[in-house]
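Student: One structure follows; several queries about it will come next.
The values are calculated or read from the model by the stated rules, or taken from the named source; none is laboratory data. Just so it is clear, the model here is predicted, and its values are computed rather than measured. Here Cβ is always computed from backbone atoms with ideal geometry, including for glycine, and neighbour counts include all displayed protein chains. For accessibility, only protein heavy atoms count, side chains too; no ligands or nucleic acids. Shrake-Rupley method; radii C 1.70, N 1.55, O 1.52, S 1.80 Å.
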Amino acid sequence: MVILIWNIPMLLKVFGKDRFDLLYPDFFDINDPVISKETDWSFIDMKMPETPESEIPSDSITLSETLEKTNPHNGSNNWAVSGEKSYSGHPILANDPHLSLNLPSIWFVMQLATPEHNSFGATLPGALGIISGFNNHIAWGETNATRDVLDWYKIEFKDTTRKEYKHDGQWKKTTQRIEEIKIRNGKTLYDTIIYTHHGPVTYDHNFKGDNPKAGYAMQWVGHMGGNNQRTFLKFNEGKNYDDYLNALKGYTAPAQNFVFASTQGDIALWIQGKFPNKWEGQGKFLLDGSNPQHDWQNFIPQAFNAHTKNPERGFVSSANQHPVDESYPFYVFNDGYETYRNRTINDFFRSKDKFDIQDFKNLQNNNYNLKASELLPYVFANMDTSSLNTEEMDILNTIKMWDFYSEIDQLAPSIWESWWTKLSEIIWDEYDADPLVMDKPFTYQTIEMLKNQPEDELMDIVSTPEKETAKDLFLITFKETAKELVEWKAAHGDYNWSAYKATFVGHLLQALPAFSRFDVPIGGDYNTVNAASKNHGPSWRMIVEMTSPPIGYGIYPGGQSGNPGSKYYDNFIDQWAAGDYISLLFMQDQDAKKDIMATQTLIPNR
Amino acid sequence: MKNNLINFAVTLIIAIILSQFLPWWHVMVAGFVSTLFFGLKRSAVFFIPFLAVLLFWMVYAFWLGNANDFILAEKIAVLLPLGGSWPLLLLVTGFIGGVAAGVAALLGNQCRLLIKR
């Protein structure tokens, strides 16, 4: 759903199908999927839905804008190594969800113990049980699976009363639901939502559209409900792989990569959610709401969801990358899967035989900038530097010397950040004319285009009379970068990565300076394993070794208290930035006294 | 001089006692009542209750702030903004209380003159 392409005739006129597939491939040419390529899918014996031959519908309404999208930096890492790959013979599991950096903290750490169970880990206000953690038997963690579970259908109404819509050659009745929205000190607003069997009509002439006889209906797995909290409650009391599998079976949305390790020695990863079984290409474009072949035909049976248990390679991992490779029988739309963190992680686990806790800590804090390393050597080899002045040459030489680690004391990561930001905007300037037509190609494909299609017509800057190529874009944006950094230096001093990035952990009220933390010295950017960008990053880092009982380490950018007057409000931030961890005190005895700072006893009022 | 000392002590005691029951304006009641009964001359009418409450609020704020190592006081000093200096925040706190008490004392003094006439 995410490539919102409303205007297909125009799109095809501009690009054509081959061009479209070049810019938006279903699979990037490198792919190190969540479920490894070696996986045998022969157990999936199911007829796949056929792609209908009908035309892609053209749009019937003009939108003023589209719905806001989620933060593209929302992502996470998780992984686990088997006993054979672990220094101690016990599996080790890690998880670090990447979210915006907020105070009070998004997460807090908790131990939940009853006479029957005992679990420990990070959880969210309002959630039941531990979300990312462990108990005496198993450990679990999540990353977002970014799977496409939302499609748009073009709806044609019979008349402006919108009581009937076209489907399967006949007029079918819509249902109306009146939403009552109470407004403080004002009149209650009544909003009529029109439902088709696809889902609610979201865009219409009342909302960002213009045609009273047409609309776009949203079909979304999230509207179908389900008890997703139960999954986590069952994890909390789980004892083995079967309990884990049983717990996640009913989970629907948003789809997650659930990593697992147990004291019995199992490791696993299931990509779990309720996934429509789509025909090839379904949902890539606007769907025809009147054509029954465009309906979701059925769902992928849960047992056929991509998963792996105790793989031969001895580790499982996910970092929001493509879930599978081409051999997975079901259609998986390329929703802009991450292409850098996963390769750094997997390459690391392929690099040696045994891993210990320090390796895990180092990996979670790894700032290797694979993205920069894949583009910059090509740029250095192809950019014409003859017109650069001394100041610009100095800056170029600085970034040429870079080892591609985005560390806080380096200048090169700042140069790269500024340069890439400008380059990625200028290459797709064609899209700025009509930003609603579709999303710009994904980062990986952008770099591929720069390297492999440097003379492509899209490299041209529309507003200039000259015909630019990739080489010209490198030089133009480099000169702008040099200018920006020289000015930055004059205003703020040295542009080392820490100062230039200026990571902050902001209070919920518009990052109120008094209650926020600024200039946190942490390396990395949104494509490094340590995905710390300006106001986004690893919001909880956890490592668990599956001894009996398990030994855990954790840290997060905040504190256990939500009170800005408490020293526990933000006391973990410095340790988090430095890559340090706290040993988690997983108490085995309810009367334990060791390391207890305070106790509070709640007695029911009889 | 003796009057000044008595007024100072009375303002302080009334303010401390009333602070247990009333919101911030207890200092105004204290300033008003003390000058109503213990008259002062010229600028002392304002400044004696001012100093009494300044002292009271600064000490009280110090005591409150000290309980969490002035973490919150420093943050409020960023919010106001006072450059994050908690001693400055205490001074501002005392000053505001003192002005309130002093103004109320001026009113108390006028009332005392009305009654005497």
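Rundown of residues vs (1) within 16 Å of B:Val92 (Cα to Cα); (2) open to solvent by 50 Å² or more (accessible area, probe 1.4 Å); (3) of a type in the set (A, V, I, L, M, F, W, C); (4) without any contact (Cβ under 8 Å) to a residue 24 or more places away in the chain, yes/no style:
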site	(1), (2), (3), (4)
B:His26	no, no, no, yes
B:Ala44	no, no, yes, no
B:Leu51	yes, yes, yes, no
B:Phe62	yes, yes, yes, no
B:Ala67	no, yes, yes, yes
B:Val78	yes, yes, yes, yes
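Student: Same structure again: Could you run through region B:28-42 and say how many residues are open to solvent by 10 Å² or more (accessible area, probe 1.4 Å) and small (Gly, Ala, Ser)?
Tutor: 1
Student: Here's a follow-up. For region A:401-425, what are the residues that are within 14 Å of A:Phe474 (Cα to Cα) and either surrounded by fewer than 19 Cβ atoms within 10 Å (Cβ to Cβ) or assigned by TED's automatic domain parsing to the domain that holds A:Pro25 (or both)? Reasoning before the result, please.
Tutor: The first filter runs over region A:401-425 and keeps only residues within 14 Å of A:Phe474 (Cα to Cα), leaving A:415-425.
Selection gives A:Thr421, A:Lys422, A:Ser424, A:Glu425.
Student: Another one. If a residue has to be within 11 Å of chain B (Cβ to nearest Cβ) and either touching a helix residue (DSSP H, G or I) at 6+ places or on another chain (Cβ under 7 Å) or under 19 Å from A:Leu363 (Cα atoms) (or both) to count, how many in region A:567-585 make the cut?
Tutor: First pass over region A:567-585, keeping only residues within 11 Å of chain B (Cβ to nearest Cβ): A:567-571.
Filter again for either touching a helix residue (DSSP H, G or I) at 6+ places or on another chain (Cβ under 7 Å) or under 19 Å from A:Leu363 (Cα atoms) (or both), leaving A:567.
Selection size over region A:567-585: 1.
Student: If A:Ser548 satisfies every condition in (1) more than 14 Å from chain B (Cβ to nearest Cβ); (2) surrounded by 13 or more Cβ atoms within 10 Å (Cβ to Cβ) but one, which is the exception?
Tutor: Only one criterion is unmet by A:Ser548, namely (2).
Student: Could I ask something else about it? So which residues in region A:486-525 are outside any helix (DSSP H, G or I), in contact with a Leu (Cβ under 8 Å, 6 or more places away or on another chain) and within 13 Å of another protein chain (Cβ to nearest Cβ), if there are any at all?
Tutor: A:His507, A:Leu512, A:Ser516, A:Arg517
Student: Could you list all residues from region B:13-24 that are surrounded by 14 or more Cβ atoms within 10 Å (Cβ to Cβ), of a type outside the set (Val, Ile, Thr) and more than 14 Å from B:Ala104 (Cβ to Cβ)?
Tutor: Correct list: B:Ser19 only.
Student: Any residue at all in region A:467-481 that is more than 14 Å from chain B (Cβ to nearest Cβ), closer than 30 Å to B:Leu79 by Cβ and of a type in the set (S, T, N, Q)? Working first, answer last.
Tutor: From region A:467-481, those more than 14 Å from chain B (Cβ to nearest Cβ) are A:467-481; that's our starting set.
Then drop every residue that is not closer than 30 Å to B:Leu79 by Cβ, which leaves none.
Looking for residues that are more than 14 Å from chain B (Cβ to nearest Cβ), closer than 30 Å to B:Leu79 by Cβ and of a type in the set (S, T, N, Q), one finds none in region A:467-481, hence no.
Student: Would you tally the residues in region A:350-361 being touching a residue at least 24 places away in the same chain (Cβ under 8 Å) and either of a type in the set (A, V, I, L, M) or outside any loop (DSSP other than H, G, I, E, B) (or both)?
Tutor: Looking only at region A:350-361, we keep the residues that are touching a residue at least 24 places away in the same chain (Cβ under 8 Å), and these are A:350, A:353-357, A:360-361.
Filter again for either of a type in the set (A, V, I, L, M) or outside any loop (DSSP other than H, G, I, E, B) (or both), leaving A:350, A:355, A:357, A:360-361.
The total comes to 5.
Student: Then there is this: Return the residues of region A:450-484 that are under 18 Å from A:Asp432 (Cβ atoms) and among the polar types (S, T, N, Q); say none if nothing qualifies.
Tutor: If the condition is that a residue be under 18 Å from A:Asp432 (Cβ atoms) and among the polar types (S, T, N, Q), then A:Ser463, A:Thr464, A:Thr477 are the ones that fit.
Student: Restricting the search to region A:428-449, which residues are under 24 Å from the mean Cα position of the chain (by Cα) and aliphatic (A, V, I, L, M)?
Tutor: Pass one, region A:428-449, residues under 24 Å from the mean Cα position of the chain (by Cα): A:428, A:431, A:435-449.
Within region A:428-449, A:Leu436, A:Val437, A:Met438, A:Ile447, A:Met449 qualify.
Student: Something else now. Please tell me if A:Tyr556 is surrounded by 22 or more Cβ atoms within 10 Å (Cβ to Cβ), within 14 Å of chain B (Cβ to nearest Cβ) and in contact with a Ser or Thr (Cβ under 7 Å, 6 or more places away or on another chain).
Tutor: Working: surrounded by 22 or more Cβ atoms within 10 Å (Cβ to Cβ): yes; within 14 Å of chain B (Cβ to nearest Cβ): no; in contact with a Ser or Thr (Cβ under 7 Å, 6 or more places away or on another chain): yes.
For A:Tyr556, the condition - surrounded by 22 or more Cβ atoms within 10 Å (Cβ to Cβ), within 14 Å of chain B (Cβ to nearest Cβ) and in contact with a Ser or Thr (Cβ under 7 Å, 6 or more places away or on another chain) - is not met.
Student: Also, quick follow-up: Take the residues of region A:299-348 that are of a type in the set (A, V, I, L, M) and open to solvent by less than 30 Å² (accessible area, probe 1.4 Å): which is nearest to A:Lys37 (Cα to Cα)?
Tutor: At the first step, the residues of region A:299-348 found to be of a type in the set (A, V, I, L, M) are A:300, A:303, A:306, A:316, A:319, A:324, A:332, A:345.
Checking the rest, the ones that are also open to solvent by less than 30 Å² (accessible area, probe 1.4 Å) come to A:300, A:306, A:316, A:319, A:324, A:332, A:345.
Details: A:Ile300: 20, A:Ala306: 11, A:Val316: 12, A:Ala319: 16, A:Val324: 7, A:Val332: 15, A:Ile345: 16 Å.
In this case the residue turns out to be A:Val324.
Student: Taking region A:539-577, which residues are of a type in the set (A, V, I, L, M) and in contact with a strand residue (DSSP E or B) (Cβ under 8 Å, 6 or more places away or on another chain)? Even if it seems obvious, please write down each step before you answer.
Tutor: Going through region A:539-577, the residues of a type in the set (A, V, I, L, M) turn out to be A:542-544, A:546, A:551, A:555, A:573, A:577.
A:Met542, A:Ile543, A:Val544, A:Met546, A:Ile551, A:Ile555, A:Ile573 - these are the residues of region A:539-577 that are of a type in the set (A, V, I, L, M) and in contact with a strand residue (DSSP E or B) (Cβ under 8 Å, 6 or more places away or on another chain).
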